[in-house]
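Below is the structure I would like to discuss, written out as structure tokens.
What follows is calculated from the coordinates using simple rules that are stated; it is not laboratory data. Being a predicted model, the structure only gives us computed values, none of them experimental. Glycine gets a Cβ as well: all are built from the backbone with ideal geometry, and neighbour counts include every protein chain shown.
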Amino acid sequence: MTGLSASGNYVFLSSRNQNRTYYYTLPGITTRKDFSYFLGFSTTCDIAMNTTDSLVWVASENTSLAIKCYDTNNTMVDYIGIDMVPNARGMALDPDGCLWVSDIDNDKLYKIDLTEGIEDNGIHNLNVVPSANPFSGAVTIQAPGVNASIAIFDLHGRQVESDNFQESWTWNSSAPAGTYVFVIRDDQGASATLELVKL
């Protein structure tokens, strides 16, 4: 087990090997329940909970996504790259909506303001549709009326491609068969995450 967080009447514990977060009800820690499963390989170092929005922030190592955010539908809804925090380890979320992250590479402590992404500020999720899932060869992502960027990650969190697209974008890659996470984000902050399987 790696990663521990407490919020309200709950204690949350993440499992590095099982790639998920569990929770226990206080004060009698007896029955373990699933909270979220981390799609993709998380190599969890620590977690921070935002129970108000039912989100778990996960610090991961050996990946281009230093910190990933998952909802209770097991969907990665946000991330922070290694360009911002090179090697995230310990994390805590304060009452003001700021995420505190320690970085063992740079011996630094980062304060990341998450309030704009957490509060209801009118930003919506993008409506994106893949041409097939699973797919063989190529897949087309369609987002009508949207100019956006796309980043593709393998299950180890390594970024395998990034690009811009307007309304649609086709990935025709020689990448090996497997599961890939597609993160689409427009310049207004709206985003979508797809997990697609390449045969």
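Between residue 197 and residue 26, how many nm apart are label points set 7 Å from Cα along the C-beta direction?
4.0
Tell me the label-point distance for the pair residue 162, residue 73, using the 7 Å Cα-to-Cβ offset, in nm and rounded to one decimal.
2.5
Would you please give the FRET efficiency between residue 53 and residue 187, computed as 1/(1 + (r/R0)^6) with r the Cβ-Cβ distance and R0 = 30 Å, to the nearest 0.05?
Values: r = 23 Å, r/R0 = 0.77.
According to the calculation, E is roughly 0.85.
Taking 0.36 nm per residue of separation and subtracting the Cα-Cα distance, what length does fully extending residue 174 through residue 138 add? Let's see the in-between values first.
On the way: separation 36, 0.36 × 36 = 12.96 nm, distance 0.94 nm.
Additional length available on full extension: 12.0 nm.
Under 12 Å from a point 7 Å along the Cα-to-Cβ line of residue 127: which residues of the range 161-199 have their amide N that close?
So the set is empty, nothing qualifies.
With a cut-off of 8 Å between alpha carbons and a minimum separation of six or more residues, what is the relative contact order of the range 129-198 in percent?
Numbers: 142 pairs, mean separation 23.8, N = 70.
Across the range 129-198, relative contact order equals 34 percent.
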